[in-house]
Amino acid sequence: MILTNIEQIDKKRYRIYVEEEFLLMLYVTDIRKYKLEEQIDITAEEVAQIYHDVVLRRAKLKAMQLLKSMDYSEKGLCDKLARLYYPPRAIQEALEYVVGYKYIDDERYARNYVRFKKESQSRRQIEYTLQQKGICKEYIEIAFDEEYDSGDSAIVRAIIKKIGSLERIEELTADEKRKVGAYLARKGFSSGEIREYISF
């Protein structure tokens, strides 16, 4: 096998391509330690050893470190590791590692997200955000069934936050009502939900 390219990412990190495939992300010290240069012959065993001893170990540690500071969906963690230049195989294996130990769980993530956001965001807005985070429809529905009683509490809280109390709605001018309605629409509430509280 030929080490075809050593591509610099920044001052410390490099992408290593073997037979034109991005297999390793290494630091300058690693390159020196393993005496790597472009166009050298490298055995599959040597690549596997560097991958397991250095790249995969670092990817797993980075995944664990990221999960210590905040909860991630599988897609979110995958995207984060990709932005840190880990090779695809290392990302996949690091994900399998943390999922295997239940350090990451999309169903739990969905429940926690709904529980935390249900008082301040509409159901539609929460659902959209969870889909963007790569949570499957089944887990989103389970989370709503378990955590989300009704959209009322979220829309009521949004109205109170905007104007102080529900009773003040009747004191508003038509223009002020339209502004509150637009505010609620931006928050993700449907026109049907808004009309239940505000008559224009």
Test set (1) at pLDDT 90 or above; (2) under 24 Å from Lys60 (Cα atoms) - Lys102 fails condition number: (1)
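Conditions tested, residue by residue: (1) over 30 Å from Arg157 (Cα atoms); (2) over 16 Å from the mean Cα position of the chain (by Cα); (3) of a type in the set (A, V, I, L, M).
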| position | (1), (2), (3) |
| --- | --- |
| Gln39 | yes, yes, no |
| Ala44 | yes, yes, yes |
| Gln92 | yes, no, no |
| Val114 | no, no, yes |
| Glu127 | no, no, no |
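Counting just the residues of region 177-197 that are touching a Lys or Arg at 6+ places or on another chain (Cβ under 6 Å) and buried (at least 17 other Cβ atoms within 10 Å of the Cβ), which one comes out nearest to Leu166 (Cα to Cα)?
Across region 177-197, the extreme among qualifying residues is Val180.
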Segments classed as strands (runs of 3 or more DSSP E), wholly inside region 1-110, with at least 1 members that are touching a strand residue (DSSP E or B) at 6+ places or on another chain (Cβ under 9 Å), surrounded by 12 or more Cβ atoms within 10 Å (Cβ to Cβ) and among the basic types (Lys, Arg): 13-18
Residue satisfying all of: in region 112-122; surrounded by fewer than 18 Cβ atoms within 10 Å (Cβ to Cβ) and touching a residue at least 24 places away in the same chain (Cβ under 8 Å); farthest from Phe144 (Cα to Cα) among these: Ser120
Total residues in region 174-197, condition farther than 16 Å from Gln125 by Cβ and either in contact with a strand residue (DSSP E or B) (Cβ under 7 Å, 6 or more places away or on another chain) or modelled with pLDDT under 90 (or both): 3
Filter result for Ala63 (closer than 18 Å to Lys133 by Cβ, in the same structural domain as Lys137 (by TED's automatic domain parsing) and touching a helix residue (DSSP H, G or I) at 6+ places or on another chain (Cβ under 6 Å)): no
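Return yes when Gln39 is touching a residue at least 24 places away in the same chain (Cβ under 8 Å), in the same structural domain as Ala90 (by TED's automatic domain parsing) and over 18 Å from Arg89 (Cβ atoms) and no when it is not.
yes
Can you confirm whether Ile142 is at pLDDT 90 or above, within 16 Å of Ala185 (Cβ to Cβ) and out of contact with any Phe, Trp or Tyr (no Cβ under 9 Å at 6 or more places or on another chain)?
No: the conditions fail for Ile142.
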Every pair of residues 6+ apart whose Cβ atoms lie under 8 Å, when the first sits in region 175-194 and is part of a loop (DSSP other than H, G, I, E, B) while the second is among the hydrophobic types (A, V, I, L, M, F, W, C) and surrounded by fewer than 18 Cβ atoms within 10 Å (Cβ to Cβ): none
Conditions (1) part of a helix (DSSP H, G or I); (2) polar (S, T, N, Q); (3) exposed (fewer than 14 other Cβ atoms within 10 Å of the Cβ); number of the one not met by Gln125: (3)
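The values are calculated or read from the model by the stated rules, or taken from the named source; none is laboratory data. What you see is a predicted model, and the numbers here were worked out from it, not measured in a lab. Quick reminder, even Gly has a Cβ in these numbers, built from the backbone with ideal geometry, and neighbours come from all protein chains shown.
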